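Peer 1: What follows is a single structure, and I will ask about it in a moment.
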Amino acid sequence: MFALNAVADTSYHRPSDKEIRQKLTPMQYEVTQEQGTEPAYNNAYWNNKEAGIYVDIVTGEPLFLSTDKYDSGTGWPSFTKPIDANDIVLTPDHSLLGTRIEVSSKTGHTHLGHVFDDGPPPAGKRFCMNSASLEFIPVKDMEKRGYGKYLKYFKTPSPTNTKGK
């Protein structure tokens, strides 16, 4: 998987539909542009346990941290929250029986998945995302890919000296 804007910056933008069609796989296009859903347990990130950041496959915009990812038992990558709630758009989705809340990226208008109220405490949210709409950037690659400012979320504090002076 790859993002169209492979190196992060502060000027994320949505490419033309022609560029998106050329760069995404058919599955990625169906999910991101036609509100599709990839198969459960048969996608790139449902069981990814590596530390890093998940970005919009269309724009490269940072969306989720691995530190907020958990195993929801659904077969899709699930997160307790986005990095910044201002970077996602929540919209009622009436496409199936009942109403769900669709999650899209603000800049890319990328369909990411849905949010449900059955997640873990304290917020109780489950952002159930499609791997096809995300690119995973491992911690080791974040600086060179332009996501260095997010490394602070992965820093482990130094152990405290317990032996005294």
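Derivation of every value follows stated rules applied to the coordinates shown; laboratory data play no part. Since the structure is predicted, the reported quantities are computational estimates derived from the model, not experimental observations. Here the Cβ positions follow ideal geometry from the backbone for every residue, glycine too, while neighbour counts run over all protein chains shown.
Peer 1: Of the conditions (1) in a strand (DSSP E or B); (2) in contact (Cβ under 8 Å) with a residue 40 or more places away in the chain, G119 fails just one. Which one is it?
Peer 2: Among (1) in a strand (DSSP E or B); (2) in contact (Cβ under 8 Å) with a residue 40 or more places away in the chain, G119 violates only (1).
Peer 1: Also: Within region 53-85, track down each residue that is assigned to a loop (DSSP other than H, G, I, E, B) and buried (at least 21 other Cβ atoms within 10 Å of the Cβ).
Peer 2: Matches in region 53-85: I57, V58, T59, G60, E61, W76, P77, P82.
Peer 1: S72 versus (1) under 16 Å from Y45 (Cα atoms); (2) without any contact (Cβ under 8 Å) to a residue 40 or more places away in the chain; (3) small (G, A, S): which is the lone unmet condition?
Peer 2: Only one criterion is unmet by S72, namely (2).
Peer 1: Here is a list of conditions, (1) outside any loop (DSSP other than H, G, I, E, B); (2) under 22 Å from Y153 (Cβ atoms), and H114 meets all of them except one; can you say which number that is?
Peer 2: Failed condition: (2).
Peer 1: Hey, among the residues in region 134-150 that are part of a helix (DSSP H, G or I) and touching a Phe, Trp or Tyr at 6+ places or on another chain (Cβ under 9 Å), which one's surrounded by the fewest Cβ atoms within 10 Å (Cβ to Cβ)?
Peer 2: Ranking the candidates gives D141 first.
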